[in-house]
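To start, the structure itself, in structure tokens.
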Amino acid sequence: MLLEVLIHGAMPRAEIAARLHLSRPTLTRVTRTLVLNGLLVEGETQLRSSTGRPSEMLHVRGDSHHFLGVKLTADRLYAAVTDLTAQVVDTVDQPLRSTDPADVVAQIADVAATFPALTAIGVTLGGIVHHGEVAQAEFLGWVNVPLRDDLVAATAIPTAVDNDVQALTSAEHWFGAGAGLSSMVLITVGAGVGCGVIVDGKLVRGAHGLPPRLAHILVDPSGPLCGYGHRGCASSYLMTHVMLRQLDGTPSYEEAVGRALAGDPEARRVFDNAGYALGVLIGTAANFLDPQKVLLTGEGLALYEVSEGRVREGIGASFEADPALIDLDVQPFDFSEWARSGAALAIRATLTQNLPT
Ligand SMILES: [Zn+2]
């Protein structure tokens, strides 16, 4: 019941009862428990058009709990504190003291100690995370770091750890543009290309704990090389540093966007090829899953604005049905979203109770 209101927003009691098939006595009992525990509040009464009877609105009491979300990069720690509805109430951003796991754990514990009464912590990073253990995070030089257990030992606060793109996918699915959808694909473009998949209302995880990795599908066998040595995979066109190193003087991403918009032929070619590769990636993901929505976001989103036409061409060349069936939702990205999605991970882990303490 709490999840229903959290994901879909405040709604009348009668609607919750109908959605969850609850009897009136059960509804009354559960509501009372959630109100007594300070998680839900009863708000104004609203007339329901279907029955004409008044029904009390139920709202989540956001300030009842606070969560710390942390995103780790190669050299910085981005943190956000949110309430139970994933609204950000505070942020912290600091350079990492070192990338040694013990130092990073101590630094996160120090940040956590500055916020009283945290219900849970969620930490995200680019890498392979399995049951709270960072199996591999290349950019930090980590292999098999039991980050979750070390953080629980250091903070005594329940903690969840996950891959950043998977956490972002879940955050969008509960609190963002994908709220309440049963199927969705999230694609992030930027330093790397990430994919997250929701099927039947659940985040897809493979048999070995690996997330879906669509970013290495072949676009053109004569294309550039990606970091894994694939020639012409979607990543090889889309990763920011691969795009930039093809340009004269290796400009910043902003400069490169400026050149492409100004019609510089070299920059145009790089952005157009990336746009086409993105279209193939979107079309292929849609072929696999026929999702309700494809959510496109990430710090490299300017690529879409620069070369939208080529994205559409890539979709047209790869998608096996009418491209109008693809609901492509382009979501502006702010780097703070990464830390917020760490907090959303903590909220999700708390409410689904798969959180060790
Ligand atoms: Zn590749």
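Just one of the numbered conditions (1) buried (at least 18 other Cβ atoms within 10 Å of the Cβ); (2) closer than 30 Å to E138 by Cα is not true of A260: (2). Among strands (runs of 3 or more DSSP E) entirely within the stretch 1-119, having at least 2 residues that are assigned by TED's automatic domain parsing to the domain that holds A156 and of a type in the set (D, E) singles out 88-95.
The set of residues from the stretch 110-131 being small (G, A, S) and within 17 Å of the chain's Cα centre (by Cα) comprises G122, G126, G127.
Exactly one residue out of A112, A154, A106 is closer than 18 Å to S341 by Cβ and at pLDDT 95 or above, and it is A112.
None of G258, G232, G316 is within 14 Å of the ligand (Cβ to nearest atom), free of Cβ contacts under 8 Å to residues at least 40 places away in the same chain and over 30 Å from F175 (Cα atoms) except G232.
Of the numbered criteria (1) surrounded by fewer than 17 Cβ atoms within 10 Å (Cβ to Cβ); (2) modelled with pLDDT of 95 or more; (3) closer than 24 Å to S183 by Cα, the one G309 fails is (3). Can you name the residue in the stretch 235-255 that is in a loop (DSSP other than H, G, I, E, B) and touching a residue at least 24 places away in the same chain (Cβ under 8 Å) and is also farthest from the ligand (Cβ to nearest atom) among such residues? Applying the filter and picking the extreme gives Q246. Can you work out which of the residues in the stretch 211-243 that are under 25 Å from the mean Cα position of the chain (by Cα) and over 18 Å from A285 (Cβ atoms) is surrounded by the fewest Cβ atoms within 10 Å (Cβ to Cβ)? Residue satisfying both the conditions and the ranking: Y228.
The values are calculated or read from the model by the stated rules, or taken from the named source; none is laboratory data. Keep in mind it's a predicted model, so treat the numbers as computed, not measured. Please note: Cβ atoms are built from the backbone with ideal geometry, for glycine as well, and neighbour counts cover all protein chains shown.
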